[in-house]
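The structure appears right after this line, and notes come after that.
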């Protein structure tokens with residue numbers, strides 16, 4: 001059950017980040033003020049309500065499963081996870097709150113767009129790291145555990 005839950009939550013979390021990123025770019029380039037406000041509101045709720053537990057479960061199940069396997073792939077995934085979490089907690093979650101608040105009050109000023117650019121950069125970084133973790137995770141197979149412990 002743990003590997004399936006891990007995969008499911010990892011995909012959900014990655015799809016959330018990708019959806020937030022694509023929606024933001026699209027609405028900023030093509031949308032109205034009202035559509036920007038709506039996207040910012042939806043990212044905050046229910047978006048973060050879906051994303052945060054998905055990332056937490058992915059991290060927890062990954063930690064549980066990594067006790068059984070060692071190797072370069074596991075180490076790469078472990079090295080990425082703290083950065084993904086820190087990036088999310090320090091930049092992406094606060095940015096979502098501020099951008100929603102500013103968009104809701106119509107404050108589309110320099111401060112809004114600076115935070116928006118920072119959010120897009122941080123989102124692109126997290127999306128890349130999460131995708132690399134999924135790519136590395138796909139290399140694992142139950143019949144491949146022997147190879148995993150030998151340092152692939």
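We did not get these values from a lab; they are worked out from the coordinates using the rules stated. Source: prediction; values computed, not measured. Please note: Cβ atoms are built from the backbone with ideal geometry, for glycine as well, and neighbour counts cover all protein chains shown.
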Rounded to the nearest 10, the angle in degrees between the Cα long axis of helix 72-87 and the longest principal axis of the Cα atoms of the chain comes to 20 degrees
Based on DSSP H runs of at least 4 residues, each adding -39500 (n - 2.57), what is the mean residue ellipticity at 222 nm of the chain after dividing by all its residues, to the nearest 500 deg cm²/dmol?
-> -26000 deg cm²/dmol
Once Rg and Dmax of the Cα atoms in Å is worked out from the coordinates, which option in (i) 17.5, 57; (ii) 22.6, 71; (iii) 18.4, 66 does it equal?
-> (i)
Enter the angle in degrees (range 0 to 90, nearest 10) between the Cα long axis of helix 93-104 and the first principal axis of the Cα atoms of the chain, meaning the one along which they spread out most.
-> 20 degrees
Any chance you could give the angle, 0 to 90 degrees and rounded to 10, that helix 48-66 forms with the longest Cα principal axis of the chain?
-> 20 degrees
Cα-based Rg of region 25-70 per 2.2 N^0.38 Å, rounded to two decimals?
-> 1.80
Go ahead and collect, in residue order, the members of region 24-44 whose backbone nitrogen is under 19 Å from a label point 7 Å along the Cα-Cβ direction of residue 101.
-> 37-44
